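To start, the structure itself, in structure tokens.
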Amino acid sequence: MLAYVDALRSAGRTSDALESAKEFSISHPESERVHRALLLMYGERGQRDEALQAFDQLGRLESVVASDLVGAAVLLQTEDAGLAETYYQRALELEPDNFEAHANLAIILIETGRWGAAREHLAQALDISPGSVPVLLNLGILERRAGRPRVAVEQFKNVLRLEPSNRLARKILAEMRERVGTEDGGALRRPGSSPESTIR
């Protein structure tokens, strides 16, 4: 049955896939695969409460893996950053090289002003996925907020080397240059720009 659900998803029939998975979960409530599929599909559709119910079911089955924790954390990050942070940390305990957990945990750390820890997680994300544009953008945003404008400018330039049309990097660089009227961005007076939304 789950192969059928996968086939429906592959064919772009996500509503049918979701309905089939829900039916399967009723007849097979102990199937961790179906609850994991429901977590993923509900999450993709933005159905937060339903996705978190599937996550809770995985917890009851004692079958939570790192990707489940990351999926739940992404859903919670805007409303409950503290719980999302806990889930990302648990995901990293299970899977230390989880790119999404490092990258998204760094966003929470940036938002709460924990620069050193955010740098560490962004560095680990870059070790896993060198040249990740969202991670480099967030590193630039972090350095800008932390009062290190020259380092921030270098990160934004790195983004533009990889993705010359990146609007956010261009916009932030222009703001930095305009604010101080220098080529390298100079010193900033106030923090700005939010980190890239969760990386998924």
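Just so it is clear, none of the values below were taken in a lab; they were calculated from the coordinates. Owing to the predicted nature of the structure, the values given are computational and were not obtained by experimental measurement. So basically every Cβ, Gly included, is an ideal-geometry build from the backbone, and we count neighbours across all protein chains shown.
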What residue, among those in segment 134-167 that are in a helix (DSSP H, G or I) and of a type in the set (Gly, Ala, Ser), is surrounded by the most Cβ atoms within 10 Å (Cβ to Cβ)?
GLY140
Within segment 118-133, take every residue that is over 13 Å from LEU105 (Cα atoms) and part of a helix (DSSP H, G or I) and give me the one that is farthest from the chain's Cα centre (by Cα).
ASP127
Suppose we filter segment 29-46 for residues that are surrounded by fewer than 14 Cβ atoms within 10 Å (Cβ to Cβ) and of a type outside the set (Asp, Glu); how many remain?
3
Per the list (1) without any contact (Cβ under 8 Å) to a residue 40 or more places away in the chain; (2) of a type in the set (Asp, Glu); (3) over 25 Å from GLU175 (Cα atoms), residue check on GLU100 breaks on (1)
Restricting the first residue to segment 77-97 and requiring it to be among the polar types (S, T, N, Q), which pairs with a second residue that is outside any helix (DSSP H, G or I) meet a Cβ separation below 9 Å and a spacing of at least six or different chains?
GLN77/SER197; GLN77/THR198; THR78/SER197; THR78/THR198
Look through segment 39-78, keep the residues that are part of a helix (DSSP H, G or I) and basic (Lys, Arg), and return whichever of them is farthest from the chain's Cα centre (by Cα).
ARG60
